[in-house]
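This report concerns only the one structure given below.
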Amino acid sequence: MIEYELNGPPSQQRTRIRLAASMKENRFPQAVLIEGLPGIGKKALAMELAKALSCTGALQRPCGVCFGCKMSSDPGAVENWVIPLESKEAKARKSSDVPEGSAAKTVEEFTQVYLKKIIENPYSIDYLSAASEISIDIIRSFTGRFSLKNETVRCVIIAEADRMNESASNALLKTLEEVPPNTYFILTTSSKEHLLQTIRSRCLSINLPPLSSKEVREKVNEMAGVSVSDDLLGLAQGSVGRALYYEPRAQELQDLALEFLISSLSGDYSSLFFSMDKEDLKDPSTANLFLEVLSFLIADVIRGISGVPLRLPETTPKFNEACATLPDLEAFTFALNTVQDTIYRIAGRRTSSIVSLQSLAIKLFDGFR
Ligand SMILES: [Zn+2]
């Protein structure tokens, strides 16, 4: 009897035990959808599943040494992956169409760059640009290679499956209606509502839970060599990827968010605008990173008023101390919505981020004063 064992963080172990049991009983479905928050290790689980399914070990799977195991975590094995690409990357030629010795980049090379990043850190949440998508060409490039008589197991991981456009979704749906033998599809998504219902209904859903605070602390420490503050844990919400994403600038952005909220409430804009100018906020993605921290702080003030435990236990009490009289819940709810609007404006590149932030500071408590 072959034993299957999948290893991962204890808070996700129940999910892995269930999946390992279905492999042992030979009833693992040919299409699964791993869903959960960004940065909690969905792709790490996908790789482990691919490993265990492709493994040819006689006693224990995954054995870690056979060809199947090795290929499941090989950055060169691009044919086992579907990763969203930017349109110029997706339009690149296939390596078979490029003459020998040509310096032209191929679609496989672009995929490989992302695959390397994923294998190096499967928790990362910012390895793709917002414009990347899975086009029908990407789906066709692997369905074209399927044969109906697969002798060996083949696993295809479709990362960020919600980034499939409509024609790609329809093409995949056709394949999912009749999956070739010995073939497995492992889809991952952190926004399943953007996936076609017909695709979801053809996959077994695996709901991966977030990690515990202790696990986030340990993983981030192991991967980035930093200790995780209580505030960073609050920003992370059980996601290693989120913690790693915020970590390099977390303290700086928390301080700025605190100053932003206090100055905006008191109408003291001159020093605020001066310190915003010093920061790197002209860059829209940094500006929006800052606004996310600011929205956490405002939401936390609301949590404090409502008596719910704080997510930023270090920064939020400083705000409450600095303000003798707090506006009411309604004013903070309005402020939170205004921040969300500004995030969309900046993401849509409609105005410069500094101008948007300045007008946000002025608007934030306009109604209150
Ligand atoms: Zn193996």
Qualifying residues in region 319-335 (those that are surrounded by 19 or more Cβ atoms within 10 Å (Cβ to Cβ) and under 21 Å from Phe273 (Cα atoms)) - the one nearest to the chain's Cα centre (by Cα): Ala335
Number of the exception - Phe185 against (1) modelled with pLDDT under 95; (2) under 20 Å from Asn80 (Cβ atoms): (1)
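Picking from Lys219, Lys192, Lys214, which residue would you name as being farther than 16 Å from Lys43 by Cβ and either outside the structural domain of Arg249 (by TED's automatic domain parsing) or basic (Lys, Arg) (or both)? Let's see the steps before the verdict.
Values: Lys219 fails: farther than 16 Å from Lys43 by Cβ; Lys192 fails: farther than 16 Å from Lys43 by Cβ.
Going through Lys219, Lys192, Lys214 in turn, just one is farther than 16 Å from Lys43 by Cβ and either outside the structural domain of Arg249 (by TED's automatic domain parsing) or basic (Lys, Arg) (or both): Lys214.
Would you call Glu109 open to solvent by 20 Å² or more (accessible area, probe 1.4 Å), free of Cβ contacts under 8 Å to residues at least 24 places away in the same chain and charged (D, E, K, R)? Please lay out each step first, then the result.
Details: open to solvent by 20 Å² or more (accessible area, probe 1.4 Å): yes; free of Cβ contacts under 8 Å to residues at least 24 places away in the same chain: yes; charged (D, E, K, R): yes.
So Glu109 fits the description; yes.
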For Asn26: the one exception among (1) over 30 Å from Ser96 (Cα atoms); (2) in contact with a Leu (Cβ under 7 Å, 6 or more places away or on another chain); (3) more than 16 Å from the ligand (Cβ to nearest atom): (2)
Identity of the residue in region 50-68, part of a helix (DSSP H, G or I) and small (Gly, Ala, Ser), that ends up farthest from the ligand (Cβ to nearest atom): Ala50
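Condition check ((1) over 23 Å from Glu120 (Cα atoms); (2) at pLDDT below 90) across all residues:
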position: Gly234; (1), (2): yes, no
position: Gln237; (1), (2): no, no
position: Tyr245; (1), (2): no, no
position: Gln251; (1), (2): yes, no
position: Gln254; (1), (2): yes, no
position: Phe260; (1), (2): yes, no
position: Ser266; (1), (2): yes, yes
position: Ser271; (1), (2): yes, yes
position: Asp280; (1), (2): yes, yes
Filter result for Ile125 (away from the ligand (no atom under 16 Å from the Cβ), surrounded by fewer than 20 Cβ atoms within 10 Å (Cβ to Cβ), assigned to a loop (DSSP other than H, G, I, E, B) and under 20 Å from the mean Cα position of the chain (by Cα)): yes
Subset of region 239-283 (residues that are open to solvent by less than 40 Å² (accessible area, probe 1.4 Å), over 28 Å from the mean Cα position of the chain (by Cα) and among the small types (Gly, Ala, Ser)): Ser263, Ser264, Gly267, Ser275
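Any residue in region 7-23 that is open to solvent by 30 Å² or more (accessible area, probe 1.4 Å), within 16 Å of the ligand (Cβ to nearest atom) and modelled with pLDDT under 95?
Here is the first cut: in region 7-23, the ones open to solvent by 30 Å² or more (accessible area, probe 1.4 Å) are 7-8, 10-11, 13-14, 17-18, 21.
Within this subset, residues satisfying the condition of being within 16 Å of the ligand (Cβ to nearest atom) are 7.
Pick out the ones that are also modelled with pLDDT under 95 and you get 7.
Checking region 7-23: at least one residue is open to solvent by 30 Å² or more (accessible area, probe 1.4 Å), within 16 Å of the ligand (Cβ to nearest atom) and modelled with pLDDT under 95.
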Options Met71, Met47; residue that is assigned by TED's automatic domain parsing to the domain that holds Ser190, at pLDDT below 95 and either assigned to a loop (DSSP other than H, G, I, E, B) or within 16 Å of the ligand (Cβ to nearest atom) (or both): Met71
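The values are calculated or read from the model by the stated rules, or taken from the named source; none is laboratory data. On a predicted model such as this, the values are computed, not experimentally measured, just so you know. Note that each Cβ is placed from the backbone with ideal geometry, even for glycine, and that neighbours are counted across all protein chains shown. Quick note on the areas: whole protein, heavy atoms, side chains included, nothing else; ligands and nucleic acids left out. Shrake-Rupley method; radii C 1.70, N 1.55, O 1.52, S 1.80 Å.
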